[in-house]
Amino acid sequence: MFYRKQSNEEKQLYLELLKVVGSLSNLFSESPVPYLYYRAAENIFCRAFNAENLSRGDVSADAAKAKLGIGLKTFMHGNGKTLQKVAEFNKEANTFEAKKPEEIVEMVSKMRNDRINFTMRAHGLNSMIYHLVTREEGKFNLYEENMNTIDLSSIKNVKRTKNAVAFKDKDAEYNFYIPKSTLFKRFITNNPIEILDVEILEDPYAFLLERSGTPLKIVIEKEETLEYVYLPLYSAQDGEVHRSSGLNQWNAGGRARHHDELYIPVPIWIHRDFKGFFPYELGSGKPGTPFTLVLPDGLEYTAKICQENGKALMTNPNRLLGHWLLRHVLQIPVNTLVTYQMLENVGIDSVKITKLSHVRFRIDFAKVGSFDEFENEFKDIHKK
């Protein structure tokens, strides 16, 4: 597993950071169980072990290092056999109501597996694990286990209640909660790889005030200061992936096209309301200036904004992005039309474009509904 292979210095830093954060628990709660916010746990892990933080990408891993994907979770220890949420699907409850329990299990298992495999392909990972921090009175416990796909051939003990379906495979026990379309996994936490005693400060406010006059080194997290936009992988006009444009540009007429040709749609209001974000001038009639596009797995392509009103983000040649996205990540066969359902099955329908510099941008996948939320918040912002 991951933790035992890290250097003593990295492990010591990780434990010290957890201990310090846990000691401040009375800022948030009066419980004797130390508090650990999940975002803090993610940031502590990535800082201590110099891991890449993937939480921005809405995928099945929160961190990655050396081609290993890591799902980070923190929760109350309880009896050491607690159910914890591992996936949430964008499905209405009526999608499952008329189906038999076995059919529901098969649907859910395939969606879960698709998302794990999608994450591995998108980020160039070889394997996946969970790193767990459980919390109980006066201490944190560390555990690690494989993040396995669900083995459909070994499904057993399928049981349906009014709102849920419980089942097991050869590796784990699961519970799918139908109203929220949420999958839970039972984590068995009885053999910790590390136990960390945490002394909770009785008055953390006094502790902080005592140090208020001490010069502090302020670290600004660059990720939060970078500009970004969300782009849809579908037509924002009707919510569909059109048959001959966008991800299906390869199917357009007019000339012979390569089967990997595609572009990512850029709604015109992005150029209007986020003027200067892309190296492109709306109304100029000219394509934008080329820039570097960094993919989630570290590949870098030359890209630019093209077509009328800058409606297309394309690589040069555009089949490079198409081959990576269609064939490698989404695993869509040649000459098969992309549908919105295909995107929904892996839990994404948008991408987040982060501006690293004027000539360098990063692309990450975003969960279903991300562009809609972005549009509702920012479209025509300058008119308000």
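Data for the structure
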| read-out | value |
| --- | --- |
| Residue-by-residue Karplus 3J(HN,Hα) for segment 346-351, coefficients 6.51, -1.76, 1.60, Hz, glycine and proline x | 9, x, 10, 8, 8, 10 |
| Centroid-to-centroid separation of segment 240-288 and segment 159-200 [C-alpha atoms, Å] | 43 Å |
| Derived scalar couplings ³J(HN,Hα) [segment 302-307; Karplus, 6.51 cos²θ - 1.76 cosθ + 1.60; whole Hz; x for Gly, Pro] | 7, 9, 6, 8, 10, 6 |
| For the chain, diffusion coefficient by Stokes-Einstein and Kirkwood Rh (Cα), 25 °C, 0.890 mPa s, µm²/s | 106 µm²/s |
| All-pairs alpha carbon distance profile, segment 226-383, 5 Å steps from 0, percent | 2, 9, 19, 24, 23, 16, 7, 2, 0 |
| DSSP beta bridge pairing in the chain, given as percent antiparallel to the nearest 5 | 85 percent |
| Loop-resident sites, segment 106-155, for GluC sites (Glu not before Pro), counting at most 13 other Cβ within 10 Å (DSSP) | 137 |
| Three-way shape label, segment 20-169, alpha-carbon gyration tensor, a/c 1.5 | oblate |
| Entries in 67/180; 65/379; 85/170; 162/352; 67/99; 81/139 that, when Cα-Cα distance is taken, lie over 27 Å | 67/180; 65/379; 162/352; 67/99 |
| Segment 226-383: relative contact order as a whole-number percent, Cα under 8 Å and 6+ apart | 27 percent |
| Distant-in-sequence amide H partners of residue 356 (H built 1.01 Å from N, under 5 Å) | 361, 362 |
| Chymotrypsin sites (Phe, Trp or Tyr not before Pro) restricted to segment 1-76 and DSSP loop, no more than 15 other C-beta within 10 Å | 28, 37 |
| Estimated [θ] at 222 nm from DSSP helical runs (n ≥ 4, -39500 (n - 2.57)) normalised by residues in the chain, nearest 500 | -7000 deg cm²/dmol |
| Average Cα contact separation per residue, the chain, under 8 Å, 6 or more apart, as relative contact order % | 15 percent |
| Considering only segment 3-223, percent of DSSP beta bridges that pair antiparallel, nearest 5 | 80 percent |
| Cα-based shape type of segment 37-90, given that a ≥ b ≥ c are square roots of the gyration tensor eigenvalues and the cut on a/c is 1.5 | oblate |
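No value in this document is a laboratory result; all are computed from the given coordinates. Keep in mind the model is a prediction, meaning the values are calculated, not measured. Ideal geometry is used to build each Cβ from the backbone, glycine not excepted, and the neighbour counts take in all protein chains shown.
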